[in-house]
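The values are calculated or read from the model by the stated rules, or taken from the named source; none is laboratory data. Values in this document were obtained by computation on a predicted structure and should not be read as measured data. Here the Cβ is made from the backbone with ideal geometry for all residues, glycine too, and neighbour counts use every protein chain on show.
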Amino acid sequence: MPVITFEGKRYECAPEETILEGLERQGVLLPSSCRAGSCQTCMMRAVSGEPTPESQQGIKDTLRVQGYFLACMCKPREDMEISLAATSEKRKAEVIEKRWMNEQVIRLRLKSEGFDYIPGQFINLVRAEDGLTRSYSLASVHEDGFLELHVKKVPDGRMSTWLCDVVEEGDELEFFGPAGDCFYVPGEPKRNLILAGTGTGLAPLYGIIRHALSLGHDGRIFLFHGSLATEGLYMVDELRALAKQHDNVQYIPCVLHGEPPAGGKHGAIDDLVVQTAREYMNGARAYLCGDPPLVEAMRKKCFLAGISTRDIYADAFTFVPQAEG
Ligand SMILES: Cc1cc2nc3c(=O)[nH]c(=O)nc-3n(C[C@H](O)[C@H](O)[C@H](O)COP(=O)(O)OP(=O)(O)OC[C@H]3O[C@@H](n4cnc5c(N)ncnc54)[C@H](O)[C@@H]3O)c2cc1C
C-alpha cells in the first residue's frame, strides 16, 4: 500500500482509496468540497512521487508541472510526500451587504483588499470554526469594488444555511482561490456568446456578461436563466435593464412550470437554448453553469448545434450526496 507523507506524518492509502479518503479515514481534515475533480478545493502539491494523470486533469499547465494535483481524484500508485497547495492560502473578507434576492437566494457582497480574479471564476469559502469549505462563483466585476456571491439556501445544507441564516453584515469570512476557467476570453469581440444557467448558476454569468460588455464585446449575447418556477428567478429587472442598454444582448428567463415573466419562455432550459439561439450557435462560445445534470444536457445540445467542445465552458455546481457527506 502506498504511503503518503503529510506534515511529517506517514499515512497508508488502501487500494482504490483516494488520498483525500485515505487521510480523512486517518483523521486528517483536508480542504475539500465537490469531491469530483471540479472545484479544485482539495488541490495539493506532490513534493516527491508522481500524481496520477487523472488527478491533474483540469489543472493549469503551470501548476501541473509544479506537481499540483487534486487529492479527491488521486489513487496513488507509489509513495508520495505531499503538502497543501500555496494556492489554498487563506484570505479574509468582510461581509458588507447581505440581501435576499428571492425566497431561497441571498446576495453577499464582500470586501477583500487586493484580491485578483477574473469575473466568473469561483472562490472557496471556509467556515473558520470547523474548516467546512464550499465553492461560490463570483458575480462581480472589478469595477464593482466588492466581491459578489449568490448563495442558494439548500435544505439541510451546512454551508448555505449558515451563510443564509447565521452570517451577518460586518462578519469576517475566510476564503481561498480564485479557481476555474469559466470566464470571458478577450480578443474575439464579434463572436456570439451563449450564456445559460439555472438557479444561482446566474452568478458567474452575471460576472461574465458584464466583463464581456466592458471590453466592448459586440457579437450577439444570449443570457438564459432557468428556474423551476418564476419565483425561483431573481435579478429579472436588472437583467432586463442590461439587455435594454445593449442592442446585442438578449435576456431570456426560462421556467419549467407555470407562466414565465414577460419576455420569458416556458419549457426546459436545455431545449429552449437551442430552439432560441440555434442560428447563432455555429462557432459561438458557450458558458453553462448551475445544476450538474442540466449543465451536462446543455453541453451536449450546444455541441450538437455546432459549438466546438473547446468553446464550451461549464461550471457544474457539483455537491456531495448525503450518503457520502
Ligand atoms: C465550481 C462550483 C461553483 C459553485 N458556485 C455556487 C454558487 O455560485 N452559488 C451556490 O449557491 N452554490 C454554488 N456551488 C455549490 C456550493 O459549493 C455548495 O455545494 C452548496 O452551497 C451546498 O453546500 P451545503 O454545505 O449548504 O450543503 P451540504 O451540507 O454539502 O449538503 C446538504 C444536503 O443537500 C444536498 N445538496 C447539496 N447541494 C445541493 C444542490 N445544489 N441541490 C440539491 N441538493 C443539494 C446534499 O446532497 C446533501 O444531501 C458551487 C459548486 C461548485 C463545485
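Observations, loosely collected:
- Of all residues in region 5-31, those satisfying the criterion of being outside any loop (DSSP other than H, G, I, E, B) and over 12 Å from CYS74 (Cβ atoms) are THR5, PHE6, LYS9, ARG10, TYR11, GLU12, GLU24, ARG25.
- Residue count, region 30-51 (criterion: more than 15 Å from the ligand (Cβ to nearest atom) and either hydrophobic (A, V, I, L, M, F, W, C) or touching a helix residue (DSSP H, G or I) at 6+ places or on another chain (Cβ under 7 Å) (or both)): 4
- Of the criteria (1) surrounded by fewer than 19 Cβ atoms within 10 Å (Cβ to Cβ); (2) within 30 Å of LYS300 (Cα to Cα); (3) within 14 Å of the ligand (Cβ to nearest atom); (4) without any contact (Cβ under 8 Å) to a residue 40 or more places away in the chain, which one PRO186 fails: (3)
- Taking first residues from region 150-175 that are without any contact (Cβ under 8 Å) to a residue 24 or more places away in the chain and partners that are part of a loop (DSSP other than H, G, I, E, B) and more than 7 Å from the ligand (Cβ to nearest atom), the Cβ contacts under 7 Å between residues at least 6 apart in sequence or on separate chains come to THR161/LYS153.
- Residue selected from region 66-100 under the condition out of contact with any Phe, Trp or Tyr (no Cβ under 8 Å at 6 or more places or on another chain) and assigned to a loop (DSSP other than H, G, I, E, B), by the criterion modelled with the lowest pLDDT: GLN66
- Some residue of region 292-310 being polar (S, T, N, Q), over 19 Å from ALA203 (Cα atoms) and touching a helix residue (DSSP H, G or I) at 6+ places or on another chain (Cβ under 7 Å): yes
- Filtered by the rule that a residue be among the charged types (D, E, K, R) and either within 18 Å of SER33 (Cα to Cα) or not assigned by TED's automatic domain parsing to the domain that holds SER48 (or both), region 72-91 gives LYS75, GLU89, LYS90, ARG91.
- Members of region 32-65 that are among the polar types (S, T, N, Q) and either touching a residue at least 40 places away in the same chain (Cβ under 8 Å) or part of a strand (DSSP E or B) (or both): SER32, SER33, SER38, GLN40, THR41, SER48
- Filtered by the rule that a residue be surrounded by 19 or more Cβ atoms within 10 Å (Cβ to Cβ) and polar (S, T, N, Q), region 227-265 gives a lone residue, SER227.
- Any hit, region 231-238, residues being on the phi > 0 side of the Ramachandran plot, hydrophobic (A, V, I, L, M, F, W, C), under 23 Å from the mean Cα position of the chain (by Cα) and outside the structural domain of GLU143 (by TED's automatic domain parsing): yes
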